[in-house]
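First comes the structure, then the notes that go with it.
Read the figures in this text as sums done on the coordinates, not as results from a lab. Please read these numbers as outputs of a predicted model, since none were measured by experiment. A quick note on method: Cβ atoms are made from the backbone with ideal geometry, for glycine too, and the neighbour counts reach across all protein chains shown.
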Amino acid sequence: MKSALLLVPAIVALSACQQPKEASANHAWVRLAAVPSNPSAAYFTLKGGPKDATLTGVSTTAAVRSEMHESMSAGGMMSMAPLKLVALRAGGEVTFAPGGKHVMLYGLRATPGGTVPLTFTFADGHTLTAPAKVVGAGDPAPE
């Protein structure tokens, strides 16, 4: 009986270490452009599933087109480069955040306080969709 009770904490600890069944997108949000004719930006955190995956694109029905980009600093100057693919390790995490990786949304039709669906497409053909909260150009990021 005593040894059976000792197994319970071990089982609980091991179950917490299991890989998620699928990749997921969390904390998705969009900051509207200050100038409506400029692109808006989408941010989120991707969590990897049980196997490595490659993100090939992010889109929304609320925009004319979208592009994955990464901001970088070189010699004190900020620049951006397009991203064709983003590796997502099994059980890992990739964050798209201001000043780093992001998705530019061109011709976005959205209003502050609303949501837009973001669809994530992977190299193996599977997709997942997550709602993204929309904030105004000068508003703080949602928590």
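Spacing of the modelled spin labels on L128 and R89, each 7 Å from Cα toward Cβ, amounts to 1.7 nm.
With N the number of residues in the chain, Rg(Cα) / (2.2 N^0.38 Å) evaluates to 1.29. Per-residue extension of 0.36 nm, minus the Cα-Cα distance of T45 and N26, leaves a gain of 6.3 nm for this segment. The alpha carbon convex hull volume per residue for the stretch 25-86 rounds to 129 Å³.
Explain nothing, just the number: relative contact order of the chain, from Cα pairs under 8 Å at least 6 residues apart, as a whole percent. Across the chain, relative contact order equals 29 percent. Ranking of H126, H27, H69, H102 by neighbouring Cβ atoms within 10 Å, starting from the fewest: H126, H27, H69, H102. Under the criterion of Cα pairs below 8 Å and six or more residues apart, the relative contact order for the stretch 60-143 equals 29 percent. Taking trypsin sites (Lys or Arg not before Pro) in DSSP loop conformation with at most 16 other Cβ atoms inside 10 Å as exposed sites, the chain has its longest uninterrupted site-free stretch at 110-143. Over all other residues within a Cβ to Cβ distance under 13 Å of F44, the charged ones net out to +3, with Lys and Arg as +1 and Asp and Glu as -1.
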